[in-house]
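Student: One structure, as structure tokens, below. Some questions next.
The values are calculated or read from the model by the stated rules, or taken from the named source; none is laboratory data. It should be emphasised that the depicted structure is a prediction, and the values quoted were computed from it without experimental measurement. Cβ placement follows ideal geometry from the backbone for every residue including glycine, while neighbour counts extend to all protein chains displayed.
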């Protein structure tokens, strides 16, 4: 079962990385995990769709935005309940005043279509990300200037799934994350729903178009012996894959 709702643990995730389009397509990874994994809490967020409680309103764009001082409270909101939830980041609040009408049109197009008209980067904002989804965590399109950064999000997700109140674990080694990243190019499922205390299975299911397609492929691949498994060796205090 894939994530639906509030980001509870033990749900499988799907990640497909398209380096050519600077796109990471995911299911099962929520906004808070994305931001925490990348450590971009100190960003400003221009809201293209959604209705956060912690925000201000820009009269030039007629859009809400989250200034840096409100970012942490915003990140802890339950954004799933927004339905459509889309944003791009900015660094300096003054940048919002320089967005042109053409750029605004491109931003609104991204919000509506969940994909850029030309490019997800807006010159006036110099944004690094465009986060476009409906029902956060269910079906997300995330455009990133450097898609390899997404390894940090996956690493964060692994840490959150396996650590406990009285248990500390080491971060996954770079070699392992490089392996997982390459698998993500083929559409990777990390099967947290069937994980053990220390391990989890990974399998490539390819490009999928619907959630039913993904669920069917997950069921089929679970019955195959090939794929990658990883587990945390508590004695050696490192991650092992085979």
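Student: Could you tell me which residue of region 10-22 is farthest from the chain's Cα centre (by Cα), considering only residues that are outside any loop (DSSP other than H, G, I, E, B) and modelled with pLDDT of 95 or more? Spell out how you get there, then give the answer.
Tutor: Looking only at region 10-22, we keep the residues that are outside any loop (DSSP other than H, G, I, E, B), and these are 12-18.
From what is left, the residues that are modelled with pLDDT of 95 or more are 14-18.
On the way: 14: 10, 15: 9, 16: 11, 17: 11, 18: 14 Å.
Here the answer is 18.
Student: May I ask you to say which residue of 50, 83 is modelled with pLDDT under 95 and assigned by TED's automatic domain parsing to the domain that holds residue 114? Show your work before the answer.
Tutor: Values: 50 fails: modelled with pLDDT under 95.
From the options 50, 83, the qualifying one is 83.
Student: Look at residue 159 and say whether it is closer than 30 Å to residue 212 by Cα and at pLDDT 95 or above.
Tutor: Values: closer than 30 Å to residue 212 by Cα: yes; at pLDDT 95 or above: no.
So residue 159 does not fit the description; no.
Student: Can you name the number of the only condition in (1) touching a strand residue (DSSP E or B) at 6+ places or on another chain (Cβ under 8 Å); (2) closer than 30 Å to residue 209 by Cα; (3) free of Cβ contacts under 8 Å to residues at least 24 places away in the same chain that residue 34 fails?
Tutor: Only one criterion in (1) touching a strand residue (DSSP E or B) at 6+ places or on another chain (Cβ under 8 Å); (2) closer than 30 Å to residue 209 by Cα; (3) free of Cβ contacts under 8 Å to residues at least 24 places away in the same chain is unmet by residue 34, namely (3).
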